[in-house]
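Let me begin by presenting the structure, written as structure tokens, before commenting on it.
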Amino acid sequence: MDTLHPRAEWESVGDKWFRKTQLYTEVFDQDLDLDNYVVTGAPYAGALALWRDDTKLQEYRPGQSSKPSIDVYTLAGKKLRSIPWDKGTIKSLGWSEDETLLVVTSDGNVRCYDLQGDFSHFSLGHGADNFGVESCRFYDNGMVALLGNNALISVSSYSEPRPKQLARSPEGQIHAWGIISPDHTLSRSVEVLLSINSTVYVVDATECEDRFLDIGPFSHISVSPDGQFVNLYGRNGTAHIISSDFRERIFEHNSDSNTPPKYVEWCGSDALIAWEDEVHIIGPGEESSTYIYDSTRVHVISECDGARLITNDFCEFLERVPLETIQVLGHASESSPASILLDAVGQLELESPKADDYIQLIRPNLTGAVDTCVNAAGREFETYWQKQLLKAASFGKSVLDIYNSDDFVDMCETLRVLNAARYYELGIPLSFEQYQRLTPEKLIRRLLSRHEYLLALKIAGYLKLPTDRIYVHWASTKVRVGSEDDDTICRLVVDRLSGKPGVSFEEIARAAYHEGRHRLATELLNHESRGGRQVPLLLDMEEDELALDKAVESGDTDLILSVLLQLKKKLPLASFFRTINSRPSATALVEASAIREGDNTLLKDLYYQDDRRVDGANVFLRESLQQPDARTAVDKMALAAKLLSDSRETSFEVHALKEATTLLRMQDSLDRDLSDTFTGLSVNETMFKLMRLGYNGRAKKIQSEFKVPEKVAWWIRLRALVAKRDWNEIEDISKSRNSPIGWQPFYNLTLQAGNPRLAAVFVPKCTGLEPGEAIEMYEKCGMRIKAAEEAVKQKNAEAWERLLDAAGKGSQEGREIERLGHAAFKKN
């Protein structure tokens, strides 16, 4: 193995060191000339998209397809997919953070492809189809398009695209432009830098600001991945590196070239300029580090911590040498503790006693040296140096009495994952920094999009991450592309996934359904344990009754109601009722929901379908009570009576309804004739009101119509006469010989109404009174003499004495009472 010291190929720009690591060789076939292609790469060592450059003449090669296509490769040159293209002129290709390929056409249509070839699409709108798209810039989850009329259209999310036009840009030719992603702006919205005339304008969602520069125009504008710096490359070959807020000029670099560069990009936070076969890392003045590529064009893809250099033969990673690496392997690192620790492990392998001497030399700084070696190991691509640095760290921590090995263990796990991802057959050469930003979960997602299920499972198991998404993705792919019959695939999927925690058979079934394999989807859904996941797909599959059964089995009333609501909207009413009739719980929920919401129409239809006549009649009755006019209420009651008329069991209810209907009609007539309100009153109340108003004949008619008993009619008449204080009528009645209700009610009501004189008239007519009761009745009327006469008549001496004491012996009334008593009682 070549163990050439890493720093042998380092290059310096000022006080910074840079290194270029060759990741893969013989990347592309010789038949594929990258010079003729537009190349764009996904962030975090993602896939490459190649599209033939229409501005260049293509060499005819026999056997090569002439149909245009977008070809997707790994960085190691493995072809992942070819996407045929006949949808118009492509103006821009880009990638999102989750490795979605964005294809933008000249008429403003955008297609979002995953690595399976599936896509979604949307239109930029805002006149893009009329003015055309000139170019686009992409960031993690969004993009900005420049139209032919200088309008800027922003899309902040590909999953829910809502194209918005940014503030109006100034008039004039746009020489170059770039964007600052929302993650790096104070406004949290994308900002666009436009080179117009000699200055730069900053455009966001609401305003356009002039930065008042006088060093333009610029042929290229490039913003660093961290959003802190901007490279303004002038037509005179001078690069102006400034802060992204335009407050500070970092440095200027003169490239001494009149040839416009192909790329003005960034290597992490360091400016990079590339021509056809040269790549320059630039610094102040004329300082630069130059990398020459003989007879081949190089393509540059910026990363958060470096830049990928792609040619037909090589895939390389250019980066600033990390600080930990410089401390261990740098030119001036011989005296650093980490470097001495690395030398110590070399001496240990030679079984030299110098190993212990080195350890003793750096013992005060040994913990820091171990940490530095661990971190430096993570920054190496060569496994040889990874192992050497980890050996040094292991040797150092074995000497320490106390050392927390968590970071060491984590780094060992991380390097195993990174080395597996970097393997040429997979071709995802992530750096340590990129891996930390991407996260292991998103790396696994990328493995799934490449169908690398075994490696994904191993990594997930190794890092103790959930595996359910891996199994579901595998099964979904199996049902989409598997050539076996439905039963075989179902059995294979169920056998493989049974007992796996968190696995959703609903997602797999949905994939089968979208693939047109309905029977397979139904079979797979039977293995989904969560009813809430089964039901939506069953509804989509038109399996309405099965969806309702699954919802009922779940016992979730919200889910059942949701299904019923969808079925009611979807099915004819008769079909809907037929569906729920055999399911009592569903019927009960429909009924309860309709009652709660006051949906009488649904209730009447439901009761009619179920032949529940009494319940249906009750609905009509409730409606009749809510009607503002009597005629409509009568009609509702008539309908209720009609529903009940065919059953012998409801004869009483039918009779009651007919009487209520008759009463309403009569009350309606009274309302019109007497200009008063009778509607809503009972029979007794109607008679009472008529009698009180003096319409005794009409009251008699009501009594006759509804067969009101005579006693009830007398009671009503008495209350009405008392209410209107018709004492003469009551006195005339007192002259009658008999009263169906007796005379005591006349006494009580008249007395309560405040006419004791008239009330006393009824005392002699009262029969069946208890002894002494007549005396009390006269006494309540304030007639003590009459009471005394009654006491004398009943020979009730005790009552007589009580009356005498109450009246007072000296008063006239007392003397009269005393006189009445002397005639009947002997006094001592």
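The values are calculated or read from the model by the stated rules, or taken from the named source; none is laboratory data. Everything numeric here is computed off the predicted structure, so don't read it as measured data. Positions of Cβ are backbone-derived with ideal geometry, glycine not excepted, and every protein chain shown enters the neighbour counts. Side chains included, ligands, DNA and RNA excluded: accessible areas come from the protein's heavy atoms. Shrake-Rupley method; radii C 1.70, N 1.55, O 1.52, S 1.80 Å.
May I ask you to list the residues in segment 753-767 that are touching a residue at least 24 places away in the same chain (Cβ under 8 Å) and either part of a helix (DSSP H, G or I) or surrounded by fewer than 16 Cβ atoms within 10 Å (Cβ to Cβ) (or both)?
Passing the criteria: PRO756, ARG757, LEU758, ALA760, VAL761, THR767.
Can you work out which of the residues in segment 743-763 that are over 14 Å from ASP726 (Cα atoms) and among the aromatic types (Phe, Trp, Tyr) is farthest from the chain's Cα centre (by Cα)?
Selected residue: PHE762.
Does LYS550 meet the test of being of a type in the set (D, E, K, R) and either under 30 Å from ALA588 (Cα atoms) or buried (at least 20 other Cβ atoms within 10 Å of the Cβ) (or both)?
So LYS550 fits the description; yes.
Go through segment 209-290 and tell me which strands (runs of 3 or more DSSP E), entirely inside it, have 2 or more residues that are among the aliphatic types (A, V, I, L, M) and touching a residue at least 12 places away in the same chain (Cβ under 8 Å).
218-223, 229-234, 238-243, 270-274, 278-282
Results for (1) in a strand (DSSP E or B); (2) open to solvent by less than 20 Å² (accessible area, probe 1.4 Å), shown as yes or no for each residue.
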{"residue": "CYS112", "(1), (2)": "yes, yes"}
{"residue": "HIS121", "(1), (2)": "yes, no"}
{"residue": "VAL144", "(1), (2)": "yes, yes"}
{"residue": "ASN149", "(1), (2)": "no, no"}
{"residue": "ILE153", "(1), (2)": "yes, yes"}
{"residue": "ARG162", "(1), (2)": "no, no"}
{"residue": "ALA167", "(1), (2)": "no, yes"}
{"residue": "HIS175", "(1), (2)": "yes, no"}
{"residue": "LEU194", "(1), (2)": "yes, yes"}
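Sort out which residues of segment 101-110 are surrounded by 22 or more Cβ atoms within 10 Å (Cβ to Cβ) and outside any strand (DSSP E or B), and write them in order of number.
Listed by number, the list holds a single entry, GLY108.
From (1) in contact (Cβ under 8 Å) with a residue 24 or more places away in the chain; (2) closer than 26 Å to LEU232 by Cα; (3) surrounded by 18 or more Cβ atoms within 10 Å (Cβ to Cβ), pick out the condition that doesn't hold for VAL345.
Here VAL345 clears every test but (2).
Can you name the number of the only condition in (1) without any contact (Cβ under 8 Å) to a residue 12 or more places away in the chain; (2) basic (Lys, Arg); (3) over 22 Å from THR100 (Cβ atoms) that ARG168 fails?
(1)
If you check every pair at least six apart or on different chains, which have Cβ atoms under 8 Å apart with a residue in segment 372-394 that is assigned to a loop (DSSP other than H, G, I, E, B) first and a residue that is among the aliphatic types (A, V, I, L, M) and surrounded by fewer than 24 Cβ atoms within 10 Å (Cβ to Cβ) second?
Listed by first residue and then by second, the contacts come to PHE381/LEU23.
Can you pull out every residue in segment 488-508 that is closer than 15 Å to ASP468 by Cβ, open to solvent by less than 60 Å² (accessible area, probe 1.4 Å), in contact with an Asp or Glu (Cβ under 8 Å, 6 or more places away or on another chain) and not β-branched (Val, Ile, Thr)?
GLY502, SER504, PHE505, GLU506
Which one is nearest to the chain's Cα centre (by Cα), of the residues in segment 123-142 that are surrounded by 19 or more Cβ atoms within 10 Å (Cβ to Cβ) and of a type in the set (Phe, Trp, Tyr)?
Among them, the one singled out is TYR139.
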